[in-house]
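For reference, the structure discussed in these notes is given below.
We did not get these values from a lab; they are worked out from the coordinates using the rules stated. A quick note: this is a predicted structure, and the numbers were derived from the prediction, not measured. Note: ideal-geometry Cβ built from the backbone for every residue, glycine included; neighbour counts use all protein chains shown.
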Amino acid sequence: MNNNTQSGFGNMVWVRDKDGREYACAADALKGNIKHKEELSPEERAGCMDVSTFVGTERW
């Protein structure tokens, strides 16, 4: 395993879209203080995943 590689929730940023859906984004892919998905560039969006696709629809 590469010692320079870090992963986990600590390296994620949580953003919402205008409809309230949550997205987990790689922190190192984002530029600046982003709170809403609509503020992301196409490159930044590529590093995000809709949380409901892997957690389900219930709040956790």
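If Lys and Arg each add +1 and Asp and Glu each add -1, what is the summed charge of the other residues whose beta carbon sits under 10 Å from the beta carbon of H36?
Once positives and negatives cancel, what remains is +1.
Going by average Cβ neighbours within 10 Å, how do the peptides 12-20, 43-51 rank, with the highest at the top?
Top to bottom by mean Cβ count within 10 Å: 43-51, 12-20.
Shape of the stretch 9-55 from its Cα gyration tensor (a ≥ b ≥ c, root eigenvalues): rounded if a/c is under 1.5, otherwise prolate when a/b > b/c, or oblate?
Verdict is oblate for the stretch 9-55.
Starting from the Cα of R16, step 7 Å along the direction of its Cβ; do the same at D28; then give the gap between the two resulting points in nm.
Simple spin-label model gives 2.9 nm for this pair.
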